[in-house]
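Just so it is clear, none of the values below were taken in a lab; they were calculated from the coordinates. Please read these numbers as outputs of a predicted model, since none were measured by experiment. Counting neighbours? That spans all protein chains shown, and the Cβs are built from the backbone with ideal geometry, glycine included.
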Amino acid sequence: MRYALALALLLSTSLVAQAPRSQAALTAADYARAERFMTYNTTPLVLHSAGRATWLPGNNVDNVDRFWYRTTTEQGEEAILVDAAQATRGKCTLPACEHRESEDSGRGAAQRRDVPSPDGKRTAFIRDWNLWIRDVASGKETALTTDGVKDFGYATDNAGWTKSDRAILVWSPDSKKIATFQQDQRNVGEMYLVDTKVGHPTLQAWKYPLPGDKVITMIQRVIIDVDSRRVTRLQMEPDQHRSTLCDDVWCSGEWADVQWGANSRLAFVSTSRDHTYEQLRVADTTTGAVRNVMEERVSTFFESGNGKVSWKYLPASNEIIWFSERDNWGHLYLYDLQSGKLKHQITTGEGNVTQLLRVDEKNRMLYFVGVGREQGRDPYFRHFYRAGLDGKRVDLLTPENADHNISLSPSGRFFVDTYSTPDTPPVTLLRDADGKTILTLEQADISKLVATGWTPPTPITVKARDGSTDLYGLLYKPTNLDPSRKYPIVNHIYPGPQTGSVGGRQFSPARGDAQALAELGFVVVEIDGMGTPWRSKTFHEAYYGDMGDNTLPDQVTGMTQLAARYPWIDIDRAGIYGHSGGGYATASAMFRHPDFFKVGISEAGNHDNRNYEDDWAEKWQGLLHTKPDGTTNYDNQANQLVAKNLKGKLLLAHGTLDTNVPPYNTLLVVDELIKANKDFDLLMLPNRGHGFGNEPYMIRRRWDYFVRYLLGAEPPQGYELRALTDRPNSP
């Protein structure tokens, strides 16, 4: 009997040890406390931070060095008007500042989708697939083209995931000509969606080329003389709908691969379908003749900077400033415009030029934003530099060890510098072209934020999969962390390749819901793995041709290192979530590392890039090739092909009207999970587009899923997120 009792006791103890960890249910008060750290609650508690500087353009020297910005004070929002030349700063009513902006820019009543001419007298816009102009003073409208038709329209940019009615064009400096294109989408494949409603659904159909399609969107470049309405087609074959910077002709608010020069000359870059071949060309806009100046070929993908195209046409000196990563870093090179021969390299060494902001041709100087050039600092911190075109000097204009957000005046004589780090609040200065501080504009006050118990994220450094490369990220922990406890770890991922999980390194009081999620009892991490930008070229192309990698080997090894470093991290309870590319990476993590990641939430994932727009995948995965056995070079990136490996809890979410990543991407995974007889959760959000991840309902469901399946607790029933100002009785 004693032996039987002892055996029963041993068995019961073993079963208790094997049972999943659990804790008491979380309450609405717990969720309300976490909600305090959402953006809409934390941002109002940061006072005296400067908003974006809006420089006031105009036709005289006095105007170009004035700007205004918004700030929040103890009395509420204020508008501040600054005269940089006079070094004065004063209040300006918001309507008055906005009126000055409109008045000085000469735009008048131009509509948001119109593109104003440099002299402010006319605007250009699209109507019925043709390009029109509107006289600002009289309102008179005139058609510049008449032969535009559906799927072959002028100045349109609705290829693939982009659907915009804004005219894509560049005015000549004298406001007499327009460079644009006629976009040819005839015979391009379509994508289809239907809305959800009572009665017959409405079908949405639009052109959406896919990798491997024989017919994709092309552009035919044209020049339009505004007064005569003469259309001159450039004498060249139709060009790819591509950019040197991103996966569209329109990047960061401009058609930047087109630059006007004197004597009716236009410089532009043609990018190959797979982004491996660039041709810099100059066109005679009167005759349409095109001359090839120089070219560059790469083995993986070409990019001309980060956030802004960093090549520059210098017709006055008969030169071109070209951006290249040919020596493993992003640098500037000076070329002869006539011969296309390299004169010399302008910037050198470790670190990247990310944005070329200005070229002072008279004084032979240029101004650029760079990263990774200052040893011993976070390589993602942006700094502002001045360099000579002769390549013999580079001056650091922003010495503070922080991330610097720069707004350069149109004259180039001044710049606004807002610097901060993820854990230190911003300071905004007005500086001259030498970097000398003229005025301290704002110093952010976060005392009210700190009084709520808020703490900043912890910057972290771990080693990559290779055991030697440093990776950088942020760690969020509960503000009431108990070092004697063990906390599940959740990875918030975005794998790139065009950006990373962390995003910018500037100060942000919330950073999405990362800190709020941590408050529920988790450690949340964001790690920029190999394959993301802003580092070396080798670093960026680490998983080129294998997008299924998704930086996951770096995430796993980094999280493991953090668990060894911090004993309060429970590495046996690892979760992951992300949106879009992050949704793709999340499902990949659950399928390719099923023993490591226990819970995943995949939102709007592009799970097989053969079902996503052509330019994205063909840039990062290469052109689609089918092998003799029927397999393809895209099989290694398709999540549905490894879905059978799922072991943990997975929530898939998608909007049914997502025109960026159509919901069929998620349904491919769903189909394979069903075939493999796997349990999973699916949330289809009717009539939602791509950006549903920040909706209160999705955030709440995300919190509930991790609380229930990773924390082992029961979430409060039906908690509804909203601003705390609407919840007066909450704790």
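What to note about this one:
- Check: the range 284-389 dipole with +1 on Lys, Arg Cβ and -1 on Asp, Glu Cβ, in debye: 240 debye
- Prolate/oblate/rounded call for the range 373-466, Cα gyration tensor, a/c under 1.5 rounded: oblate
- Cα→Cβ-extended label distance, 7 Å offset, between ARG52 and ARG297, nm: 4.1 nm
- When SER228, SER310 are arranged by Cβ crowding within 10 Å, least crowded first, meaning fewest neighbours, the order is SER228, SER310.
- At R0 = 30 Å, FRET efficiency that the Cβ-Cβ distance of ASP327 and ARG186 yields, to 0.05: 0.10
- Ranking HIS607, ASN480, LEU682 by how far each Cα lies toward the positive end of the dipole of the chain (charges on Cβ) leaves ASN480 at the top.
- Note on ASN633 and LYS647: the extension gain reaches 2.4 nm, defined as 0.36 nm multiplied by sequence separation minus the Cα-Cα distance.
- Packing rank of 426-432, 252-258, where each peptide gets the mean count of other beta carbons within 10 Å, highest leading: 426-432, 252-258
- Helix 94-105 and the long axis of the chain differ in direction by around 40°, with both axes built from C-alpha atoms.
- For ASP615, ASP629, ASP423, ASP482, order by how many other beta-carbon atoms lie within 10 Å, fewest first: ASP629, ASP482, ASP423, ASP615
- Taking label points 7 Å from Cα along the Cα-to-Cβ direction, ASN363 and HIS625 give a separation of 5.1 nm.
- Set against the labelled values (i) -0.47, -1.20; (ii) -0.55, -1.39; (iii) -0.60, -1.15, log10 I(q)/I(0) by the Debye sum over Cα atoms at q = 0.07, 0.11 Å⁻¹ computed from this structure falls on (ii).
- Taking each residue as 0.36 nm, the span from GLN375 to ALA143 lengthens on full extension beyond its C-alpha to C-alpha distance by 77.9 nm.
- For the range 550-604 and the range 644-681, distance of Cα centres in Å: 18 Å
- Note on TRP161, TRP703: ascending count of other Cβ atoms within 10 Å places them as TRP161, TRP703, the fewest first.
- Each Lys and Arg contributes +1 and each Asp and Glu -1, all at the Cβ; summed about the Cα centre of the chain, the dipole is approximately 420 debye.
- Among the lysines of the range 586-731, pairs at least eight places apart or on separate chains and with Cα atoms under 16 Å apart come to 9.
- Using the Cβ-Cβ distance between ARG485 and THR73 with R0 set to 30 Å, the FRET efficiency from 1/(1 + (r/R0)^6) comes to roughly 0.15.
- Residues whose amide H lies under 5 Å from that of LEU397, counting only those 5 or more places away or on a different chain, are PHE384, TYR385, ARG386; hydrogens are built 1.01 Å from N in the peptide plane.
- Three-way shape label, the range 293-393, alpha-carbon gyration tensor, a/c 1.5: oblate
- Positive-end residue, the range 177-235 charge dipole about Cα centroid, Cβ charges, pick of THR202, VAL222, MET191: VAL222
- Projecting the Cα atoms of GLY545, SER117, ILE178 onto the charge dipole of the chain (Cβ charges, centred on the Cα centre) puts GLY545 farthest toward the positive pole.
- Residue-span extension gain [LEU94 to VAL450] - 0.36 nm each, minus C-alpha spacing: 125.3 nm
- Modelled FRET efficiency - R0 22 Å, LYS150 with ARG233, Cβ distances, 0.05 increments: 0.65
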